[in-house]
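Notes for the one structure printed next.
Values quoted throughout were computed directly from the atomic coordinates according to the rules given, and no laboratory measurement underlies them. Since the structure is predicted, the reported quantities are computational estimates derived from the model, not experimental observations. When we count neighbours, we look across all protein chains shown, and the Cβ atoms used for this are built from the backbone with ideal geometry, even at glycine.
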Amino acid sequence: MVVNVNGQEGKASILLIYTGGTIGMMENPETGVLESFNFQHLKDNMPELKKLGYHVATYQFDPPMDSSQMGPDSWMKIVRIIADNYALYDGFVILHGTDTMSFTASALSFMLENLDKPVILTGSQLPIGILRTDGKENLITAIEIAAAKENGQPLVPEVCIFFENNLLRGNRTRKISADNFNAFRSYNYPPLAQAGIHIKYDLAQVYHPVSRRPLKPHYLLDRNIAILKLFPGMSPQVIESILTIPGLKGVVLETYGSGNAPTDEWFLTMLKEAVARGIVVVNITQCCAGSVEMHRYETGQKLLDAGVVSGYDSTTESAVTKLMFLFGHGMTPEEVKAHMNCSLIGEITVADHFRP
């Protein structure tokens, strides 16, 4: 079902959370240097916001953070801001640097259990103070989406990224360009909305919770996770150095194609030994699109026999943050494996499952 939304329903209230990133920069007229500006004066810098007719309040990280510095502590801070203000606002817009936006969006999707209001992340490739900036349109449209309702209910009650023209499920996204305005893609899940002359929502693709329950924020994350990206000619020493990291609990194994990897005995033995030590190894593809099918080829089957778990069509960002989330809640390796085989919040294409 595709719905065109042009106007607004009532006067919505939006909390705009500025964490940092390129969008919050303005050029100093004297030095030419890009500097962060105070988002408490956002309406003075963006008079277009006044025409929207919404109540827009702001919260600014002090100091603003480059997205390369964002991580679990920052995610917890964002969750707490949303939880503390949840009853006061109809939706939330998070201004964030683009480099790690997909990691943050994925993490928030797991950490905000029972979310029934929009949480829209956006940013820009050019600072908001630059004439050709993409930031103004991204921000205005993100606010419109966060405020959009039908019959009193929000149209998109999930964590999303809006960039350029597309509204994407946050835990399905990845950044694909450092230069183009159209910087994000969701290869394995269709857009939830597309913004042109009108904003067209594909409501059939939007995630809706099975039952309405109060928001349950989560703050527990385990950082003992690693990414192991395979490449031809990897030495045993490289593999061993990662799989034997002290305290390691989970590994996102980026394999070839539909989940294939070398079948050298030393490699399979290292994986088996890691699994036997309680390390959860999740197989995802290095390809931008597609899914892991470990039964398809003998090489994938050998990984399965070694105890490696399928990551289906998960992104790296989603797999990493999901492992952090699950281990953060004190789950056993077997419990984590079971949850990795299920969709908690629409992050992979399998049947939905229960929360921890």
Charge dipole (the chain, unit charges on Cβ, about Cα centre) - positive-most of T332, S310, H295:
T332
Which of the residue pairs K50/K117; K200/K337; K149/K249 have a Cα-Cα distance greater than 32 Å in the structure shown?
K200/K337; K149/K249
Radius 10 Å from Cβ of N260, net charge of other residues (Lys, Arg +1; Asp, Glu -1)
0
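Treating only the Cβ atoms of Lys and Arg (+1) and Asp and Glu (-1) as charged, compute the dipole magnitude of the chain about its Cα centre; round to the nearest 20 debye.
With only Lys, Arg, Asp and Glu charged at Cβ, the dipole is about 620 debye.
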Across T244, T255, T58, the residue with the highest GNM fluctuation in the chain (Cα network, 10 Å cutoff) is T244
So what is the calculated 222 nm ellipticity per residue for the chain, using -39500 (n - 2.57) for each DSSP H run with n of 4 or more, over all residues, to the nearest 500 deg cm²/dmol?
-7500 deg cm²/dmol
Taking only Cα atoms and a 10 Å spring cutoff, compute GNM fluctuations for the chain and point out the largest among K200, K229, K50.
K50
Looking at the chain as a GNM with Cα springs under 10 Å, which of M26, M234, M111 has the largest mean-square fluctuation?
M234
Please find the FRET efficiency linking L215 to M26, where r is the Cβ-Cβ separation and R0 is fixed at 41 Å, and quote it to the nearest 0.05.
0.75
Total formal charge among the other residues, if their Cβ is under 11 angstrom from that of M101, Lys/Arg +1 and Asp/Glu -1
0
Neighbour-count ranking for R277, R185 (other C-beta within 10 angstrom, fewest to most) reads R277, R185
Compute the distance in nm between two label points, each set 7 Å from the Cα along the Cα-to-Cβ direction, one at E293 and one at H208.
3.2
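Starting from segment 202-286, pick out the chymotrypsin sites (Phe, Trp or Tyr not before Pro) whose DSSP state is loop and whose Cβ has at most 16 other Cβ atoms within 10 Å.
In loop regions of segment 202-286 (DSSP not H, G, I, E or B), the sparsely surrounded chymotrypsin sites (Phe, Trp or Tyr not before Pro) are Y219.
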Likely footprinting exposure, L131, L220, fewest C-beta neighbours within 10 Å first:
L131, L220
Efficiency by 1/(1 + (r/R0)^6): what FRET value for I245 and D66, r their Cβ-Cβ distance, R0 = 25 Å, to the nearest 0.05?
0.45
Scan [x] 1.02; [y] 1.12; [z] 1.18 for the value of Cα Rg over 2.2 N^0.38 Å calculated from this model and give just the label.
[x]
Considering all alpha-carbon pairs of segment 70-166, what whole percent are spaced by more than 21 angstrom?
32
First select every other residue whose beta carbon is under 14 angstrom from the beta carbon of I81; then total the charges, Lys and Arg +1, Asp and Glu -1.
0
